Amino acid sequence: MNQAIGVIDSGVGGLTVAHELMRQLPKERLVYLGDTLRCPYGPRSKEEVKKFTWEMVDFLLKEDIKMLVVACNTATAFTLADLQDNLDIPVIGVIQPGARAAINFTQNSHIGVIGTEGTIRSEAYTSALKSIKPDVHVNALPCPLFVPMVEQGILSGKQAEEVVGESLLPLKRNNHIDTLILGCTHYPLIKETIQMIIGDHVTIISSSEETARDASAILEFHNQLNRSNHTPKHQFYTTGDLDIFKKIAASVFTKLVDNFQSVTIEKAVIQ
Ligand code: DGL
């Protein structure tokens, strides 16, 4: 079962999930595609996110992947069910695993969720959380400035603190939450700043660990885990600027990762 696991995101955010997959499944080869050219997906319509996501998936299917991880909350919110219905490989998203982890952590059943406008508008987290625990209180807030900032490589410092501080004000004012879900895979890249602003009394949940656990359990169930002893050679594709993608990747991965390539995916033009 030496085929790769395909991982998609609108840009660099899914690298945080890829990193956790590499940690928990060190024998598995990853093929990653970030549609940086058309990032952010957050403000786009459901139809557009679906169309772009399918274009990424069609590109990765040519790599003969055995599983698809939708490492993007916006794409998960709008496209997961469609992908699961139409692909004959296992497809997992990041929302259900994140919701499950938050329910495990919360003591007072007040959970905050931050994400892109699309993810928050879809109410996918609220539904996922309430389907596990119907009486949970959910405080959901879109943070549209975070993704463009992260894609520029601004991950800490004064500017990041100002943007995060302003954006989280509504959550801080109504601060009953004891758990905060980072409902966008870009946000773990600014987790320290988010934690500093929201305070240490709030547990921050990013779905990468739980998502990687799901991937592992599903591959095991299907007897598709890679049993070979070769070190996997991962492949990273971006539709955007290669240098900035590599720079951000270097801050996500603790060990040296190479094989980056800039690609044009069919019909991938800025709109
Ligand atoms: N990282 C993605 C997410 O988890 C998308 C960010 C965006 O493109 O707006 O939602």
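The values are calculated or read from the model by the stated rules, or taken from the named source; none is laboratory data. Keep in mind the model is a prediction, meaning the values are calculated, not measured. Cβ placement follows ideal geometry from the backbone for every residue including glycine, while neighbour counts extend to all protein chains displayed. The area values use the complete protein model at the heavy-atom level, side chains included, leaving out ligands, DNA and RNA. Shrake-Rupley method; radii C 1.70, N 1.55, O 1.52, S 1.80 Å.
Looking at this structure, is K255 open to solvent by 40 Å² or more (accessible area, probe 1.4 Å), on the phi < 0 side of the Ramachandran plot and either modelled with pLDDT of 95 or more or part of a helix (DSSP H, G or I) (or both)? Can you show your working first?
Details: open to solvent by 40 Å² or more (accessible area, probe 1.4 Å): yes; on the phi < 0 side of the Ramachandran plot: yes; either modelled with pLDDT of 95 or more or part of a helix (DSSP H, G or I) (or both): no.
Criteria not met by K255.
Scan segment 151-168 for residues that are in a helix (DSSP H, G or I) and at pLDDT 95 or above and jot them down.
Taking segment 151-168 first, the residues in a helix (DSSP H, G or I) are 151, 158-167.
Once the filter is applied, which keeps residues that are in a helix (DSSP H, G or I) and at pLDDT 95 or above, segment 151-168 yields K158, Q159, A160, E161, E162, V163, V164, G165, E166, S167.
Would you point out which residue out of L180, L129, L141 is free of Cβ contacts under 8 Å to residues at least 40 places away in the same chain and either in contact with a Pro (Cβ under 6 Å, 6 or more places away or on another chain) or in a strand (DSSP E or B) (or both)?
Details: L180 fails: free of Cβ contacts under 8 Å to residues at least 40 places away in the same chain; L129 fails: either in contact with a Pro (Cβ under 6 Å, 6 or more places away or on another chain) or in a strand (DSSP E or B) (or both).
Sole residue among the options that is free of Cβ contacts under 8 Å to residues at least 40 places away in the same chain and either in contact with a Pro (Cβ under 6 Å, 6 or more places away or on another chain) or in a strand (DSSP E or B) (or both): L141.
Which one of E47, E55, E63 is away from the ligand (no atom under 12 Å from the Cβ) and assigned to a loop (DSSP other than H, G, I, E, B)?
Working: E47 fails: assigned to a loop (DSSP other than H, G, I, E, B); E55 fails: assigned to a loop (DSSP other than H, G, I, E, B).
Testing whether each residue is away from the ligand (no atom under 12 Å from the Cβ) and assigned to a loop (DSSP other than H, G, I, E, B) leaves just E63.
Can you pull out every residue in segment 141-156 that is among the small types (G, A, S) and either in contact with a Phe, Trp or Tyr (Cβ under 6 Å, 6 or more places away or on another chain) or more than 15 Å from G240 (Cα to Cα) (or both)?
Of segment 141-156, the ones among the small types (G, A, S) are 153, 156.
If the condition is that a residue be among the small types (G, A, S) and either in contact with a Phe, Trp or Tyr (Cβ under 6 Å, 6 or more places away or on another chain) or more than 15 Å from G240 (Cα to Cα) (or both), then S156 is the only one that fits.
Based on this model, can you work out whether E117 counts as acidic (D, E), open to solvent by 30 Å² or more (accessible area, probe 1.4 Å) and more than 13 Å from the ligand (Cβ to nearest atom)?
Working: acidic (D, E): yes; open to solvent by 30 Å² or more (accessible area, probe 1.4 Å): yes; more than 13 Å from the ligand (Cβ to nearest atom): no.
No, not satisfied.
Inspect all residues belonging to segment 180-192 and state whether any of them is open to solvent by 20 Å² or more (accessible area, probe 1.4 Å) and in contact with a His (Cβ under 6 Å, 6 or more places away or on another chain).
No, the conditions are met nowhere in segment 180-192.
Which residues, taken from segment 193-216, are part of a strand (DSSP E or B) and buried (at least 22 other Cβ atoms within 10 Å of the Cβ)? First the steps, then the outcome.
Restricting attention to segment 193-216, the residues satisfying the condition of being part of a strand (DSSP E or B) are 203-206.
Residues satisfying the conditions are I205, S206.
Name the pairs: first residue in segment 50-68 and buried (at least 20 other Cβ atoms within 10 Å of the Cβ), second residue polar (S, T, N, Q), Cβ to Cβ under 7 Å, at least 6 apart or on different chains?
What qualifies is T53/T79; I65/Q3.
I want to confirm something. Restricting to segment 173-188 and keeping residues that are out of contact with any Gly (no Cβ under 6 Å at 6 or more places or on another chain) and more than 16 Å from the ligand (Cβ to nearest atom), which single residue is nearest to L129 (Cα to Cα)?
Within segment 173-188, the subset out of contact with any Gly (no Cβ under 6 Å at 6 or more places or on another chain) is 173-176, 178-179, 182, 187-188.
Cutting the leftovers down to more than 16 Å from the ligand (Cβ to nearest atom) gives us 173-176, 178-179.
On the way: R173: 22, N174: 19, N175: 19, H176: 17, D178: 15, T179: 12 Å.
So the residue we want is T179.
For segment 2-16, give me each residue that is open to solvent by 10 Å² or more (accessible area, probe 1.4 Å) and either under 15 Å from L68 (Cβ atoms) or in contact with a Cys (Cβ under 6 Å, 6 or more places away or on another chain) (or both). Give the steps one after another, and end with the answer.
First, pick out the residues of segment 2-16 that are open to solvent by 10 Å² or more (accessible area, probe 1.4 Å): 2-3, 16.
Result: Q3, single match.
Does D85 satisfy the condition of being out of contact with any Ser or Thr (no Cβ under 9 Å at 6 or more places or on another chain), assigned to a helix (DSSP H, G or I) and away from the ligand (no atom under 16 Å from the Cβ)? Steps first, please.
On the way: out of contact with any Ser or Thr (no Cβ under 9 Å at 6 or more places or on another chain): yes; assigned to a helix (DSSP H, G or I): yes; away from the ligand (no atom under 16 Å from the Cβ): yes.
So D85 fits the description; yes.
Scanning segment 17-44 for residues that are charged (D, E, K, R) and within 13 Å of the ligand (Cβ to nearest atom), which turns out most open to solvent (accessible area, probe 1.4 Å)?
Pass one, segment 17-44, residues charged (D, E, K, R): 20, 23, 27-29, 35, 38, 44.
With within 13 Å of the ligand (Cβ to nearest atom) added as a condition, the list becomes 35, 38, 44.
Details: D35: 0, R38: 1, R44: 32 Å².
Applying the filter and picking the extreme gives R44.
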